[in-house]
Amino acid sequence: MRLSKKALSILLIVMLFGIAGCTSDNKNESAKMSNEDKSVMDSAQSGKSEESLNSTELPKRDKSIDTAKVQDNNQMVIYQAELELRVKSFENAVQSLEDKAQGYGGYIAESNVTSDGKEQVSGRLNLRIPQAHFQEFVNDAQGQAAEVLQRTINGQDVTEEYVDLESRLKSKQAVEERLLSFMKNAVKTEDLLKISADLASVQEEIEVIKGRMKYLENQTSFSTVNITLHERKVVIPNLEKDQLNTWEKTQKQFMKSTNLLLAGLSGIVIFILGNLPILIILVLLGILVYLYYNKKKRQNNHE
């Protein structure tokens, strides 16, 4: 009996130690599980925060990169060239420039031609060339010249202005949409009039912005090339047929001199016959004077 009691007490002690160990293990496991859950939750929260951070920051970063790429690809520059050329043939140079401009898809906006007599011919062409072929056309134009007197190329970057106009346009269009929605919901006449006035002002500003944007688009898609051409001609005087008819001129000159001689003789005859009475009297007077002087001279010789 005593042994059984001892065994029972030993068994109870072992069972108590086992229960204590289980509880401690359960506590450790629960603590461990709680710590693991907490770490999991922290990692999940950190993952969420990182995910939210990436979702907010990365698109902005990509957007800035894409914007930079778009700005680089869509850079808007207005190119203008001024050329002053001396050419051998003005007409041939103008025709060649017109053909090349049309071949590149361009056109002539203005053409002026002036001439200073027959020795100097000059003109000015205002051409619009697609920007992709701008440099090619300038090189072709210089190839038409016997001498390049002046060459100036200017470029104006209007990308920033165009982007600003786009943002202003979006802002004004948003205001326009709000005013249109207000107009639909307005009941009072005073509100309608005020909204209509504001809407008209906004729409006018939108049209101005669109007009400026179209102008910039046109100026950047087509470059301007102003070309001044000079041609100096060596004028050789032409000999007319009248200047080469030597025989005819000789005959004419002979007839002129003959007619002049006959006219002179005719005038002398007319003068003598017409003034014959006066001439007879003058001759008689001359004879009497002559006789008187001879007589006087003889008397002086005798003395």
_Separation between Cα centres of the range 182-229 and the range 134-171, rounded to whole Å_ = 26
*Between Leu262 and Glu160, with labels modelled 7 Å along Cα→Cβ, what's the label distance in nm to one decimal, could you check?*
9.7
*How high is the FRET efficiency between Ile270 and His302 when r is their beta carbon distance and R₀ equals 51 Å, given to the nearest 0.05?*
0.60
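Taking neighbour counts of Cβ atoms within 10 Å as a proxy for exposure, in what order, fewest first, do Val87, Val148 appear?
On the way: Val87 23, Val148 13.
Ascending number of Cβ neighbours within 10 Å: Val148, Val87.
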*Name all residues of the range 247-269 having a backbone nitrogen under 20 Å from the label point set 7 Å from the Cα of Leu282 along its Cα→Cβ direction, giving them as ranges.*
264-269
*Spin-label point model (7 Å from Cα, Cβ direction): what's the Lys249 to Arg168 distance in nm?*
7.7
*Kindly flag which residue pairs out of Lys170/Lys194; Lys194/Lys214; Lys172/Lys194 have an alpha-carbon separation exceeding 27 Å in this structure.*
Lys194/Lys214
*Unit charges at the beta carbon, dipole of the range 165-222: most positive-side option, Asn218, Ala200, Phe182*: Asn218
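FYI, it's all coordinate maths here, none of it is from the lab. Predicted model only: the values in this text are computed from it and were never measured. Here the Cβ is made from the backbone with ideal geometry for all residues, glycine too, and neighbour counts use every protein chain on show.
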